[in-house]
Every structure is written in structure tokens, then in C-alpha cells.
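S.K.: Structure in C-alpha cells, see below.
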Amino acid sequence: MTSHTTKKNIVRVAAAHVSSEFFDPAGGVTKAIKYLTEAAQAGAELIVFPESFIPGFPIWNALSSPITGHENFVKFAAASLRVDGPEIKAIASAAAQQKISVSLGFSEVADYSAGCLWNATVLIDAQGVIVNHHRKLVPTFYEKLTWSRGDGAGLSVVDMPIGRVGGLICGENGNPLSRYALMAQGEEIHCANYPPIWPFKDPRKSEPYDLADAIRVRAAAHCFEAKVFTIVSSGFLTDENLALVCNDDEATAILENSPRSASMIVMPNGLTLGNTLSDREGLVLADIDVSSLVELKQHHDMAGYYNRHDVFHVSVNRSRQKPLHDVVSQSANGSAPMVHTSLQESLDSIN
């Protein structure tokens with residue numbers, strides 16, 4: 001989006017380090033409204049929520065074989081949200097009432113298939129309008145058992161009164177081309193959301209994957225390269241969550257010994273601003289100065305003068321995925337249009 005908006009230099013932002021209400025979208029909406037209200041009352045103008053905050057992150061895929069996960073998938077799909085559904089409308093209405101922008105991570109269900117899900121985010125402005133809707137391009141590792149591949153329609157930076165805001169989901173924050181796509185649109189504030197935990201190997205038998213450290217490295221790299229501020233929101237895992245997603249003592253032991261995530265706000269120099277939360281729920285609040293970013297680009301401007309647009313060519317396909325594509329053509333006598341689908345075209349070509 002290329003329009004320009006009058007900016008505020010100093011902006012208070014918030015990262016929500018909060019647990020999900022697993023399989024309970026109504027509970028998730030209530031909790032989102034509680035924390036966005038708390039952030040607004042603390043003076044924040046933007047709050048970021050964790051990855052798949054509603055209805056929780058499908059951790060069970062890491063802990064058991066695919067053939068034992070059907071029940072959880074069915075419950076998870078039933079609790080996933082339509083982007084135009086009542087849950088997101090309720091959060092958008094609360095955002096407008098509190099005059100705060102919201103980046104919300106959620107599991108999205110397609111309107112054409114109850115079993116087609118995406119790992120998604122929406123960016124809602126302070127008037128309660130959805131200004132961007134992103135689906136994670138590639139589900140990571142065992143996430144593929146739950147979520148479909150996303151598309152480039154949401155790889156956008158939105159020009160808002162608080163700054164030019166973009167965002168990526170979890171592992172996408174380490175994808176150079178996804179990050180560059182946002183850099184090339186003049187991103188200033190980056191929203192990054194993560195799960196509460198990420199078991200990669202059994203932590204009792206090998207070096208555990210340190211999710212908090214991985215988050216810091218990714219955030220620092222993007223901040224330094226893009227000259228942006230990054231708001232990192234990660235989930236928090238409660239004992240109640242453990243009981244819901246673990247079906248045996250072995251799975252519980254793996255999660256109890258796996259390093260947890262962390263929420264933080266990272267500056268262009270790669271250092272954190274304010275506190276970092278890992279072992280309890282709460283908000284990370286900080287004031288950022290968007291006007292300070294211009295000076296830094298005199299040093300390195302990766303999408304500007306420090307690039308060679310004559311050497312490198314990067315393009316983005318922004319088409320939204322569809323299962324059918326309607327095509328309008330003239331009838332045989334040329335008198336009236338005919339509407340058919342690409343599926344019918346394929347059948348006709350076979351016959």
C-alpha cells in the first residue's frame with residue numbers, strides 16, 4: 001500500500017505473552033479483548049498476539065503419530081475461525097472502542113472446506129477495520145499435519161498513523177525473501193508471532209531446541225537488516241494447556257523439559273527494549289521512535305541504495321488461493337455470456 005499517512009514519532013507498542021484457551025474460540029475472544037483493553041489503558045497504540053492464539057497451537061502433532069491425532073484435528077478445525085466470522089468482528093469492535101490496532105494470530109478455516117485450515121494473522125486498525133490478512137506461506141515441519149500452504153496476498157505493509165506496519169508468522173521471520181518483500185515496502189514496525197513451545201527433538205535425549213534464543217536471533221537479524229522495530233508476541237503454556245494436548249506421561253515429559261518461548265520488543269541495533277517475558281503471562285510495553293530509522297538507512301538500506309535493482313529482480317504473486325476459478329465467455333451464438341469453471345474446462349478437455 002503506497003498511500004502516506006501523517007505519522008507519530010513516538011509510539012507505545014505491546015506484545016502479549018499469553019496462553020490460549022485451547023479449542024475454545026469464545027474464551028479466546030474474551031481473553032484477546034481483556035488484553036487489548038489493558039494495553040490501550042496503558043497507552044499502547046498497537047498490540048500483537050501470539051501465533052494461532054485462537055484456538056491454540058497444535059502441539060500434539062509433535063508428540064504423537066499422525067494416526068492418533070484425528071480427534072484433536074477435528075476439534076481444532078471446528079474451533080478455527082472464518083476471517084469474516086463473529087469472533088474476529090468482536091475483536092475488531094473492541095479495537096475500535098479502545099482505539100488500538102491489533103495483530104491477531106489465529107487458525108483460519110476456509111469457507112469452502114471445513115477441513116482446510118491456514119495459520120493466519122489479521123492486522124486490525126484503530127477504527128476496527130481489517131487492513132491486512134496474511135496466511136503463513138509454508139507450515140513448518142509437523143504443522144503440515146494441520147495447516148495448508150498460504151499465499152502472497154498478505155505479504156503487505158500497511159501505512160498507518162503509527163508507522164508502516166508489516167508482519168510474519170514464526171519461521172517466516174527467517175525467510176529472506178518474505179522479509180525482503182516487507183523491506184521493499186518500507187516497513188518500519190514488524191509484528192512477529194510465535195507458539196509457546198517448539199519441541200524439535202526429545203530434550204531428555206539430546207540438546208533441546210532453544211525457541212527463545214531462536215526468536216531473539218531472527219528478530220535481531222530482521223531489525224538490523226530492515227532497520228525496523230520488531231514486536232515479538234509468543235504464547236505461554238499453562239498446566240491446563242498441557243492436560244488438554246498431552247495424552248500420556250511421555251508427551252507431558254517432553255513438553256515439561258522443552259525450552260519455552262519469549263515475548264520481547266527488539267530495536268534496530270538488535271537489542272531488546274524494555275522487559276522480556278517467558279515464565280509468566282503479561283504484556284511487554286515499550287515506546288519506539290519511528291523517526292530514528294531514517295538515519296540508520298544512510299548506513300545500509302537493503303531495499304534502497306544498498307541494493308542492485310538492475311541485478312536482482314524480486315516479484316510477488318499476490319493471488320489468493322481458490323479451489324475454483326470462474327471464467328466468463330461468449331456463448332456459441334455470441335448472444336449471452338456463459339459462466340463455467342476451470343474444473344469443468346478440465347473435464348471437457350479430457351472428454
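S.K.: Being within 22 Å of Cys246 (Cα to Cα) and not β-branched (Val, Ile, Thr) narrows it down to one residue among Ser19, Ser103, Ser93; which is it?
M.R.: On inspection, the qualifying residue turns out to be Ser19.
S.K.: Could you list, in sequence order, the residues of the stretch 232-258 that are of a type in the set (S, T, N, Q) and in a loop (DSSP other than H, G, I, E, B)?
M.R.: Thr238, Asn247, Asn257, Ser258
S.K.: Checking the condition buried (at least 24 other Cβ atoms within 10 Å of the Cβ), small (Gly, Ala, Ser) and either more than 18 Å from the chain's Cα centre (by Cα) or assigned to a loop (DSSP other than H, G, I, E, B) (or both), which residue from Gly43, Gly56, Gly27 passes?
M.R.: The conditions single out Gly56.
S.K.: In the stretch 4-24, which residue that is out of contact with any Asp or Glu (no Cβ under 9 Å at 6 or more places or on another chain) and open to solvent by less than 50 Å² (accessible area, probe 1.4 Å) is nearest to Val165 (Cα to Cα)?
M.R.: That would be Ala15.
S.K.: Just to be sure I understand, how many residues within the stretch 254-296 are closer than 17 Å to Glu188 by Cα, crowded, with 17+ Cβ neighbours inside 10 Å and out of contact with any Ser or Thr (no Cβ under 7 Å at 6 or more places or on another chain)?
M.R.: Within the stretch 254-296, residues that are closer than 17 Å to Glu188 by Cα, crowded, with 17+ Cβ neighbours inside 10 Å and out of contact with any Ser or Thr (no Cβ under 7 Å at 6 or more places or on another chain) number 8.
S.K.: Oh, and also: Might you check whether a residue that is closer than 22 Å to Arg179 by Cβ, open to solvent by less than 30 Å² (accessible area, probe 1.4 Å) and either without any contact (Cβ under 8 Å) to a residue 12 or more places away in the chain or aromatic (Phe, Trp, Tyr) (or both) occurs anywhere in the stretch 133-152?
M.R.: Checked against the condition, which is being closer than 22 Å to Arg179 by Cβ, open to solvent by less than 30 Å² (accessible area, probe 1.4 Å) and either without any contact (Cβ under 8 Å) to a residue 12 or more places away in the chain or aromatic (Phe, Trp, Tyr) (or both), the stretch 133-152 yields at least one hit.
The values are calculated or read from the model by the stated rules, or taken from the named source; none is laboratory data. What you are looking at is a predicted structure, and each value in this text was computed from that prediction instead of being measured. Reconstructed Cβ throughout: ideal geometry from the backbone, glycine too, with neighbour counts over all protein chains shown. With ligands, DNA and RNA removed, areas are computed over all heavy atoms of the protein, side chains included. Shrake-Rupley method; radii C 1.70, N 1.55, O 1.52, S 1.80 Å.
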